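Presented below is the structure to which this report refers.
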Amino acid sequence: MEIFFWLSGLLIIYIYIGYPLLLKWLPRHPEPSSAPEAPLPKITVIIPAFNEEKCIQATILNKLTSNYPAHQLQVIVVSDESEDATDTIVTTIAEQDSRVSLIRQSPRQGKTSGLNLAIPQATGDIIIFSDANSQYHPDAIKHLVAMFNNPEIGYVTGKMVYVNEDGSLIGDGCSAYMKYENHLRSLESATGSVVGVDGGIDAIRKELYQPMNQDQLPDFVLPLKVVTQGKRVAYCENALLNEESLSSAQSEFRMRVRVSLRAYWAMWDMKHLFNPFIYKWFTLQLASHKLLRYLAFIPLFIAFVSNGLITGDSIFYAVTFITQVTFYSSAAFVALNDGSKNKWFGLAHYFCLINIASAMAFIKFVKREKIILWKPRVG
């Protein structure tokens, strides 16, 4: 049991602490500049939407009024057979502004099929992907596009900042977890390629876009396809996106299960990237940041059970077990009391939420379940 405890404990430490420290020691690429430079290329913003009548107009206007040359900007909304007024709203805007167009996908086939459908109609050299509720900062597009001044870069992701409905910031990136993720992206961008991106604010060179299967997660698979083509995926901290956070743990949990399941399938589909003889450091990054992270529930469970069985062996094991019990009890307290204002309890709750969601998704993955269609973010 001691061997199980130590091996699982060391693996957990590596996943959350050791990997970021390792990135600091890897060889670094010259830092790309995100300072806007002329001439600016033609761009196309693609917005997948399903029943987004509440926010689609604001999102389109947000893109049209961004600090980017108007004649170099195109907006395509892909309506996945929306049943509300989404199509009518987009059509009305398109009649007043020729830069906007609507593609209606029927029958419903999901976001990935929608992107595949829109790409042939995109006139931009750079394709930018936005969620239907994503509000960019005025210079966000300029900063994203400027990163492509480096010919090694084929894909760029920006920084998501969660806000309340009234627009006030919730910390820096919603939580300590988002700060941690953004820090990892910065390190990965400096040493190789970013492994995980924010689907609401990312961009790709059009010539690098490869059609995906409708069940594949574009936020994960598309950057991996760019890496297979010999280009890097970079993080642009100056490209800021405001997006409303989910207000309920149930909604967050469902979203995490959905994303985790599609991530498992993405890693399975792109398993050739786990060959270190071909992809070298990127294989380490992919395995550490994604594969081990999504499977972290396994060593967490082993560490807890094995620790409980050896608490009588020494005071050290008793203390570590009490620490684990306290941590998980804090998470349970938040869940049972419908939230907590204590940020440390909240962090423990969120940590457990995403790991339980990963475990649930893994069970679905083993059962070969897949998720293709999506619904608007609620709650």
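The values are calculated or read from the model by the stated rules, or taken from the named source; none is laboratory data. Just so it is clear, the structure is predicted and the values come from calculations on it, not from any experiment. Cβ placement follows ideal geometry from the backbone for every residue including glycine, while neighbour counts extend to all protein chains displayed. When the accessible area is computed, the model is the full protein with side chains, heavy atoms only, and any ligands, DNA or RNA have been set aside. Shrake-Rupley method; radii C 1.70, N 1.55, O 1.52, S 1.80 Å.
Data for the structure
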| quantity | calculated |
| --- | --- |
| Proximal lysines to K364, defined as alpha-carbon separation beneath 28 angstrom and excluding residues fewer than eight positions away on the same chain | K111, K225, K271, K290, K375 |
| Unit charges on C-beta of K, R, D, E only; dipole of the chain, Debye | 960 |
| Signed unit charges on C-beta, dipole axis of the chain, positive-most listed residue P151, P223, I302 | I302 |
| Two-site FRET efficiency, E237 against K280, from Cβ-Cβ distance with R₀ of 30 Å, rounded to 0.05 | 0.75 |
| Å² of accessible area per residue within the range 1-128, as computed with a 1.4 Å probe and no ligands counted | 50 |
| Projected label distance in nm at V366 and F4, using a 7 Å step from Cα toward the beta-carbon | 1.6 |
| FRET efficiency, H183 to Q250 (Cβ-Cβ, R0 30 Å, nearest 0.05) | 0.60 |
| Potential lengthening between V305 and N149 on full extension [0.36 nm per residue; Cα-Cα distance subtracted] | 51.0 nm |
| Equivalent ellipsoid, the chain (semi-axes from 5 times Cα gyration tensor eigenvalues, Å) | 37, 24, 19 |
| Cα-based helix-to-principal-axis angle, 343-366 vs the chain, degrees rounded to 10 | 80 |
| Cα lying deepest toward the dipole's positive end in the chain, options L40, I3, S186, charges on Cβ | I3 |
| Share of carbon and sulfur in the accessible heavy-atom surface of the chain [1.4 Å probe, %] | 61 |
| Fully extended contour minus Cα-Cα distance, from E207 to E81, at 0.36 nm per residue | 42.6 nm |
| Computed [θ] at 222 nm, deg cm²/dmol, the chain (DSSP H ≥ 4; -39,500 (n - 2.57); rounded to nearest 500) | -14000 deg cm²/dmol |
| Accessible surface, the range 182-325, averaged per residue in Å² (probe 1.4 Å) | 40 |
| D (Stokes-Einstein, µm²/s), Kirkwood Cα radius, the range 279-337, 1.002 mPa s at 20 °C | 158 |
| Per-pair calculated FRET efficiency, R0 = 30 Å: Q57 and Y328 via Cβ, rounded to 0.05 | 0.10 |
